[in-house]
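Everything below concerns the one structure shown next.
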Amino acid sequence: MNVIVVYKSRYGSTREIAEFIAEKLREHGVQADARSVDTAPDLEGYNAVVIGSAVYMEHWMKEAAEFVRRNRTVLAERPVWLFSSGPLQLEPGASPDDPELEPKEIGEFREIIHPRDHRVFFGALDPGRLGLQHRLIRKLPAARALLPEGDFRNWDDIEAWAGDIARALGTP
Ligand SMILES: Cc1cc2nc3c(=O)[nH]c(=O)nc-3n(C[C@H](O)[C@H](O)[C@H](O)COP(=O)(O)O)c2cc1C
């Protein structure tokens with residue numbers, strides 16, 4: 001069983017999630033590589049695919065969405081799991097599974113590639129690394145509360161999800 005974890009990350013936190021998922025899959029006895037979409041990974045030779053993107057302004061990053069569309073035929077023939085790395089802070093009582101937190105592309109992806117699952121994971125934000133445009137967006141009153149500084153990634157949740165994938169692929 002050979003799995004590729006494809007990701008698109010702007011500032012690195014989604015890359016670290018993808019690398020962590022690949023590492024956890026390997027611990028479950030699944031051969032797994034993490035690759036950025038920017039390396040145009042070839043999916044032939046992989047039995048299953050995990051694809052994740054950072055979320056900006058309620059969308060997957062364009063390169064990740066284009067990767068899914070470009071590879072839709074191959075992806076539709078394989079087991080695929082999707083993840084989005086996004087929310088930093090939620091309203092009290094809200095959950096990352098709320099449908100309104102789902103990036104806009106996920107409905108389309110469900111139709112064209114039939115993923116086994118899509119999960120939203122909490123992300124991370126380091127203001128010192130933001131590009132100018134993101135820094136300006138973060139200053140808007142509506143955005144400020146939603147985009148706090150910090151690392152909110154929940155590694156236990158991510159590890160559990162990697163375990164689910166390994167089990168679905170038939171490893172103990
Ligand atoms: C300008 C800006 C807009 C963002 N918009 C969203 C959003 O609409 N939805 C969301 O869940 N997360 C949003 N985020 C949070 C990022 O997705 C989060 O910081 C993520 O972990 C970044 O991943 P990266 O380090 O791989 O680029 C936004 C962050 C910034 C800086």
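Below, the figures for the structure above:
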read-out: Two-site label geometry, Arg69 and Ala168: point separation in nm, points 7 Å out along Cα→Cβ; value: 2.4 nm
read-out: Global form of region 93-167, assessed from the alpha-carbon gyration tensor, a/c cut-off 1.5; value: prolate
read-out: Share, in percent, of DSSP beta bridges within region 2-168 that are antiparallel, nearest 5; value: 15 percent
read-out: Ordering of 43-49, 145-151 by packing [mean C-beta count within 10 Å, highest first]; value: 43-49, 145-151
read-out: Convex hull per residue volume in Å³, alpha carbons only, for region 2-168; value: 110 Å³
read-out: Sites Asn47 and Lys104 - FRET efficiency at Förster radius 41 Å, r taken between beta-carbons, to 0.05; value: 0.90
read-out: Normalised contact order of the chain, rounded percent, pairs of Cα under 8 Å and 6 or more residues apart; value: 24 percent
read-out: Helical segments meeting 15 Å axial Cα length and Kyte-Doolittle -1.0 threshold in the chain (DSSP H); value: 13-27, 155-168
read-out: Ser36 long-range amide H proximity, modeled H, under 5 Å; value: Tyr7
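Coordinate-derived values only; no laboratory data. Predicted model only: the values in this text are computed from it and were never measured. Backbone-built Cβ (ideal geometry, glycine too); neighbour counts: all protein chains shown.
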